[in-house]
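Everything on this sheet refers to the single structure shown next.
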Amino acid sequence: MDHLPRRRGGAATDGGTLTAVLDPREQLRRLGALAGGWIRRAGYLRKWVVLGIAVGVIAGLGAVVFYLALVGAGHLLLGLIGGYEVPRPVGEGGGAGSGHFSRPWAVPLVVGLGGLVSGALVQWLAPEAEGHGTDAAIKAVHENPRMIRARAVVVKLVASAITIGSGGSGGREGPTAQISAGFGSLLARTLNLSPEDGRIAVSIGIGSGIGAIFGAPLGGAVLAADIVYRDDFEEQALIPGLISAVVGYTVFGFLITWSPMFGYALPGYQFHQPVQLLWFAVIGLAAAGTGLLYSGTFYRVVGLTGRSGISPLFTPAIGGVLVGLLALAVPQVLGTGYGWIQTSLDRDGLLGLPLWVVLLLPFAKIVATAFSIGTGGSGGIFGPGMVIGGFTGAAVWRLLEGFAPGVPDNPAVFVIVGMMACFGAIARAPLAMMLMVAEMTGSLTVLAPAMVAVGLAYLIVRRTGATIYRSQLRGREEAQSARLRRGLPLLRRVAVRSAMASPRLVLRQGDSRAHVRDALAEADVPGAPVVDHEGRFVGVVHGAGLEEATGVPLDAAAGTVPDNATLDDALDAIPAGGRWITVLDDQRHVLGTIAYSDIVRGYRRAIRSDARRMSHVSAHSGVVELRVGPGSPLAGRPLRESSLPHGAVVVSVQHGDSLHFGIGTQRLHPGDVVTVLSRPGVEDRLRRLLDSSHAPAPQDGPPEDAESARERGDGGPAGGPAG
């Protein structure tokens, strides 16, 4: 058969016989299309049993591969080359590690070299693999569940093993979450899953990957539904998450270990001393503080790294050297730190550490993690958060032990509660974190009293609005609005006044209940704005509340939007569960209302208007960037008042560090950089108008500009709809 002609995706002939010779990728594509069709037609149970098992298997295998890679890298880099072995928890075979550095000079070099190699791999092969990984997976859930590249998953695995194995402070959950989330993304692409199913597939990938590597399937399943929002819960991911998490845990347990990571730390523990609740509250307060410090320090280092001007190829190496130097004084910051948690769970082990080390370690681990991962290294931030919280609890125990009533002899319960409270609060996933730590320590009996610490820490962190995962959204309502923005990406270019509808009904304050009910029914509207005797807006009446109320229930806090706002602002102002808001002028007079349907219609009109204006720009047009000079006649004026030459379309205006669309309300200032799409011959006129301090004042209308405005049909500037 070797003599037969072959064509990729084509056919070959042999004696009149037609034989399809398909490219292997084409065969996979067809197979994926067939499987995808079956999945989309399958019921909920069959669909998520199949997808959940598939994601779970990959999560378990991915956890196994990364675990082995991490163990091998740690033994080679920090062990053989650096001359130092970190302690290991019971679930990893145990071991006290090295008592001292045999080659202290080598430790900063090894950690720095690990950062350099990791940074090179990430920058050369997959820049999106930089950082801690879980945030990237959460971002994929909200923005595009098909966006995670297979290359990024592989690079993340290798780079994280090198970073942590060389001594960098990071957790092993980030790479495993990205592996299984990446497989969920692959399923979404290959099977052409719906956006909703794709989001669930990536979510359960996050939870099952983390649950597998930590041996915590129930916590992983809850994490799949808990971690994507700051103040909400994605219940649709819970049941599929249970399936994938238990499968991932089974695969990892079968191939590596079934033992809890930290063994059974509290055998026979029972809560029977109410005074301990006071100390758990103290742990909650301390854990909230360290959690906020952790998040703030981490992102401060991220920001400083980005503004440093140093190539991202080298910043992880610099961070690694700094971590290595810090480790010479506090060796507990090296690697994951899980072995030191194991030490702190035992009374003798914790008392064997100097008090200053116990008190300093949470802060040292914060700094080490920020230098390792925040500078561009690769690894998780979940694991270090547990170490920080665990030693926060250990520090509270060391300070209270021996004189405070109700403080147990064994520090394990304080360490466990500290782990739950610190990272559960700052990750905004308190329930998932409680379950995971309980499974990792074999201590489900501590859940009840731990609620005090976790709840208090969570409420404090929630009040600040902080989170360690910046890609989290507030809840499902914000996620829905965000998806609408991505579907209509130019909402900031369209003014509310161009899309609002005239109010079908405006009620007067003091109208009777019967009149309001009849007026709403006649106008066939679910509600209406209410004005006072001077015509100023005072609130909204909703028809749904009239039947239960004795009077006229007025919603004085109803959302409003000014008429000079954009559709993006209107979308933000529509309250959760609402469908419309009132548009007001500067004196709070009612100008109209705007609903979701008005936003979509206004957006479509703006797109059609843009298309008409762009028709005046020839195919030979180019993009020019011009700076507004101090003497420009356009300085200080909104774009809609500017007479730009015919055939010029303002794309954007850069004012300082912010970039604005070229909408009519955008005011030009000296120093602004204006990006213009212009046809040949117009650039010189634009330059004179924007740059020259002697340019003539713009007039109200050369004929071509007036004609252009008429053709635009919306009174907007050359750069966009009227704003």
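Residue by residue, region 285-294 carries 3J(HN,Hα) couplings of 5, 5, 5, 4, x, 5, x, 5, 5, 4 Hz when phi is fed to the Karplus relation 6.51 cos²θ - 1.76 cosθ + 1.60 (θ = phi - 60°); x denotes Gly or Pro. Measuring from label point to label point, each 7 Å out along Cα→Cβ, what is the Thr464 to Ala329 span in nm? About 2.3 nm, to one decimal. Taking every protein chain into account, the 1.4 Å probe leaves Ile200 with about 10 Å² of accessible area, to the nearest ten. The portion of the accessible surface of region 321-427 made up by carbon and sulfur, rounded to a whole percent, is 68 (1.4 Å probe; DNA, RNA and ligands excluded). Taking all protein chains together and rolling a 1.4 Å probe, Glu130 ends up with roughly 80 Å² accessible. At an R0 of 25 angstrom, the distance between the Cβ atoms of Arg41 and Ala150 translates into a FRET efficiency of 0.40. Taking 0.36 nm per residue of sequence separation and removing the Cα-Cα distance, the Asp409/Thr190 pair yields an extension gain of 73.3 nm.
Mind running the shape call on region 336-467? Use the C-alpha gyration tensor, a ≥ b ≥ c as the square roots of the eigenvalues: rounded below 1.5 for a/c, prolate if a/b tops b/c, oblate otherwise. Taking the square roots of the gyration eigenvalues as a ≥ b ≥ c, region 336-467 is oblate. Extension gain for the segment Asp569 to Leu278, taken as residue separation times 0.36 nm less the Cα-Cα distance, is 100.2 nm to one decimal.
Computed from phi, the 3J(HN,Hα) profile of region 510-520 under the Karplus parametrisation 6.51, -1.76, 1.60 (θ = phi - 60°) reads x, 4, 6, 4, 5, 5, 4, 4, 5, 5, 5 Hz, with x in place of Gly and Pro.
Would you mind calculating the gained length between Phe101 and Gln587 on full extension (0.36 nm times residue separation, minus the Cα-Cα distance), in nm to one decimal?
Additional length available on full extension: 167.7 nm.
For region 373-385, putting each phi into the Karplus relation 6.51 cos²θ - 1.76 cosθ + 1.60 with θ = phi - 60° gives couplings of 9, x, 8, x, x, 10, x, x, 10, 5, x, x, x Hz, in residue order, rounded to whole numbers and with x for Gly and Pro.
The values are calculated or read from the model by the stated rules, or taken from the named source; none is laboratory data. Because the structure is predicted, anything quoted here is derived from the model rather than measured. Neighbour counts run over all protein chains shown; Cβ positions are idealised from the backbone, glycine included. Side chains are part of the model used for accessible areas, which takes the heavy atoms of the whole protein and leaves out ligands, DNA and RNA. Shrake-Rupley method; radii C 1.70, N 1.55, O 1.52, S 1.80 Å.
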